[in-house]
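Notes follow the structure.
The values are calculated or read from the model by the stated rules, or taken from the named source; none is laboratory data. Keep in mind it's a predicted model, so treat the numbers as computed, not measured. Here the Cβ positions follow ideal geometry from the backbone for every residue, glycine too, while neighbour counts run over all protein chains shown. Please note that ligands, DNA and RNA were not included when accessible areas were found on the heavy atoms of the full protein model with its side chains. Shrake-Rupley method; radii C 1.70, N 1.55, O 1.52, S 1.80 Å.
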Protein chains: 2
Amino acid sequence: MVTMRDVAQAAGVSAATVSRVLSGSRRVNPELAARVLAAQDELGYRTNLLASGLRRQRTDTVGMVVPQVGNPYFSALMEAVGRRLQRVGITVLLVDAENDPDAEAEGLHRLLDRSIDGLLAVPVDEHASTAALTEAAERVHLVQLDRAAEGVPADLVAVDHLAGIRSAVDHLVARGCSDLAFVSAEPRDSTARERARAFDDAMRATGATARASAFGSYTVEWGRVAATRLVEGGRLPQAIVCGNDLIALGVLAVLGEAGVDVPGEVAVTGYDDIGFATLTAPALTTVRQPVDSLAEAAVDLLLGDGPGEDGPSVQRFVPKLIVRASTDPSAPVPHRRRVQERP
Amino acid sequence: MVTMRDVAQAAGVSAATVSRVLSGSRRVNPELAARVLAAQDELGYRTNLLASGLRRQRTDTVGMVVPQVGNPYFSALMEAVGRRLQRVGITVLLVDAENDPDAEAEGLHRLLDRSIDGLLAVPVDEHASTAALTEAAERVHLVQLDRAAEGVPADLVAVDHLAGIRSAVDHLVARGCSDLAFVSAEPRDSTARERARAFDDAMRATGATARASAFGSYTVEWGRVAATRLVEGGRLPQAIVCGNDLIALGVLAVLGEAGVDVPGEVAVTGYDDIGFATLTAPALTTVRQPVDSLAEAAVDLLLGDGPGEDGPSVQRFVPKLIVRASTDPSAPVPHRRRVQERP
DNA sequence: GAGGTACGGGAAATCGATTTCCCACCTTCC
DNA sequence: GGAAGGTGGGAAATCGATTTCCCGTACCTC
């Protein structure tokens, strides 16, 4: 391995000078600087980040923990966060919690052991994640993203799910649906809890009647199971409000296979607006989460000073309902214009 | 920060002894060992991986570079690799190349600077990725996964695309399709080149006739564009062979919107078998890549000794055609059995 | 010309864990 | 009883980059 000493020797200067040239931490004779840069180039020297990090007590690295790398909503978040941080020269270390609080805790430890400068976390479980995250918050600057774990002393950037679910329900009610079913994940994380609560509130506010809600997980498979039960149960609701898009995709698939007319017989809404939401037949009406805004706000907080005197802050972004054919047959076909514009 | 010295002091021993207790590198008086462990627990000590890595010249960390985190096929690979490596106590540092060779090169450097013990790479471009990967291979044990870059001296674990495409074409021909179109990505990476080559070979071998192939990128959007051109071109082929599932999803969406009967008028095949391939209507016939086998083989190579005397090795896995409704209306409905088994 | 102040270079201390290297003590065996 | 061998603990060197501290030179100022 070629070290800074080698470069120093080749350039005929001390290691201190090499360090100063490369980091720009102090003025250096231009003639010496040129020799150093030439030597670096010649030897192909690159600074060892372990040594540098150890000495500086900073690594220009932040950790990010997400519940599930395979969920397109989280990959979108990862990509958005990664782009922003790369721009300011910070590397992201990614950990997949595999939807398991234990794996999450273990991943957090592995990140902390690497002396990261900050941590972005999407907690797996509102309660089971608390201990590990609280510990993490004591060691590094932590920002919670998308979800919160109970009692963790860290800022939060999230979405106003009350408004999100409400916009979906209002839309359905306006289209004449009064008998709604809610299919979502068990309220183990804050988003699932808030969306369930929001659905109940919306029912009360609009006077629509709700089927018994079905709670499973944020997966396609659960959407399939729940929809199968509804189909086999006989009397279908007029609309199915899904806790996220993956569930909605499963629901749509089962309804399609069963020959149910969507949205004629049953309307369906999702939540997130992942890329695949435009690909179903019919395309999925969904509540679009502002991924870029979330990423931007979270990164800004992370690079900032952290919670002030008056405790952690909470930022909520309002999501936007995207109406497509799964609730409205007259909705424009997705991307049609763009495709037609090509020669 | 609590250091090993603090633990040593609290336990009334030297730092050397603490290190020996924690790493098990030498026998230590059980009584002292107990004191050390108690002190560690008391102080919440965790070893600093920067310092440890610097001294040991090993980090128990490997890097992984993928072209695009958001592509479900790559997230599946990442998950499979991550699970395997976690089992042997190795951490994966992930880099998203954003389908850009420059971003890829930069990401590779950032990984190398961190003193990783090994590197798994899915090269973005068969030629443009060569320089950076060759340099990386000189510094660290490199294994290429899924794709290869020209001339890089590193082992490769990949899929036999000749067989994969051939199985799809044979299936279509057997079902009576003789007029085929191939929609894939520009052959800038080895998989795209091999699949294109395989399609031509299969045409010759089966005597089917091919439309001019359409090359774009491995994205839904390109699938939409290509399908739109075919639809607007008038005479549709009897089957469309897609270079990957994302393209196929775009193609299916456009055909669906245009009211084309699949597979009656046009049959469609994909490649990869991502999770969403079962969700389209009709479900997508596709060539399933053996993600777990690939991950296993790549990890084994990475943990092994590297290329021997006789140059880099190449392992090819044979993929499997999964027949679904997009080519065969009688194909079983996906997951139906599983769903029905539930109460 | 004496004294003061920048400026810029290098030697050495430092970050925290690991690993020599050395030494004291204890067995064991002739 | 003494030599040989083994065990286990600690002091100090080490990994590679950064930074403090010190010193010599140059430039001012009065």
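Residue pairs whose Cβ atoms lie under 7 Å apart, sitting 6 or more positions apart in sequence or on different chains, and linking a residue in region B:15-42 that is on the phi > 0 side of the Ramachandran plot to a partner that is more than 14 Å from DNA strand C (Cβ to nearest atom) and among the aromatic types (Phe, Trp, Tyr), do not occur here. Listed conditions (1) outside any helix (DSSP H, G or I); (2) more than 9 Å from chain B (Cβ to nearest Cβ) are all met by A:Leu93, apart from (2). When region B:165-186 is filtered for residues that are open to solvent by less than 60 Å² (accessible area, probe 1.4 Å) and under 24 Å from B:Ala128 (Cα atoms), the ones remaining, listed by number, are B:Val183, B:Ser184, B:Ala185. Evaluating B:Met1 against the criteria (1) surrounded by fewer than 16 Cβ atoms within 10 Å (Cβ to Cβ); (2) closer than 25 Å to B:Glu106 by Cβ; (3) more than 11 Å from DNA strand D (Cβ to nearest atom); (4) within 9 Å of another protein chain (Cβ to nearest Cβ) leaves one unmet condition, (2). Checking each residue in region A:8-59 for being more than 14 Å from every other protein chain (Cβ to nearest Cβ), within 12 Å of DNA strand C (Cβ to nearest atom), assigned to a helix (DSSP H, G or I) and of a type in the set (A, V, I, L, M, F, W, C) picks out A:Ala8, A:Ala11, A:Ala15, A:Ala16, A:Val18, A:Val21, A:Leu32, A:Ala33, A:Ala34, A:Val36.
In the condition set (1) among the acidic types (Asp, Glu); (2) in contact with a helix residue (DSSP H, G or I) (Cβ under 8 Å, 6 or more places away or on another chain); (3) open to solvent by less than 60 Å² (accessible area, probe 1.4 Å), A:Glu79 is compliant with all but (2).
Residue-wise test of (1) of a type in the set (Ser, Thr, Tyr); (2) more than 14 Å from chain B (Cβ to nearest Cβ); (3) crowded, with 16+ Cβ neighbours inside 10 Å.
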{"residue": "A:Asp261", "(1), (2), (3)": "no, no, no"}
{"residue": "A:Thr269", "(1), (2), (3)": "yes, yes, yes"}
{"residue": "A:Ala277", "(1), (2), (3)": "no, no, yes"}
{"residue": "A:Ser293", "(1), (2), (3)": "yes, yes, yes"}
{"residue": "A:Ala297", "(1), (2), (3)": "no, yes, yes"}
{"residue": "A:Asp305", "(1), (2), (3)": "no, yes, no"}
{"residue": "A:Gly311", "(1), (2), (3)": "no, yes, no"}
{"residue": "A:Phe317", "(1), (2), (3)": "no, yes, yes"}
{"residue": "A:Ala331", "(1), (2), (3)": "no, no, yes"}
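Among the residues that make up region B:61-75, is at least one of them within 16 Å of DNA strand C (Cβ to nearest atom) and modelled with pLDDT of 95 or more? Looking for residues that are within 16 Å of DNA strand C (Cβ to nearest atom) and modelled with pLDDT of 95 or more, one finds at least one in region B:61-75, hence yes. In region B:126-141, the residue that is least open to solvent (accessible area, probe 1.4 Å) out of those that are touching an Asp or Glu at 6+ places or on another chain (Cβ under 8 Å) and within 14 Å of B:Leu108 (Cα to Cα) is B:Ser129. Right, A:Pro237: surrounded by 18 or more Cβ atoms within 10 Å (Cβ to Cβ), over 27 Å from the mean Cα position of the chain (by Cα) and away from chain B (no Cβ under 11 Å) or not? Answer is yes for this residue.
In region B:187-207, the residue that is most open to solvent (accessible area, probe 1.4 Å) out of those that are modelled with pLDDT of 95 or more and not in a helix (DSSP H, G or I) is B:Arg188. Is it the case, given these coordinates, that A:Ser25 is buried (at least 19 other Cβ atoms within 10 Å of the Cβ), under 25 Å from B:Leu112 (Cα atoms) and of a type in the set (Gly, Ala, Ser)? So A:Ser25 fails the test. Scanning region B:279-291 for residues that are within 14 Å of chain A (Cβ to nearest Cβ) and touching a Ser or Thr at 6+ places or on another chain (Cβ under 9 Å) yields B:Leu279, B:Thr280, B:Ala281, B:Pro282, B:Ala283, B:Leu284.
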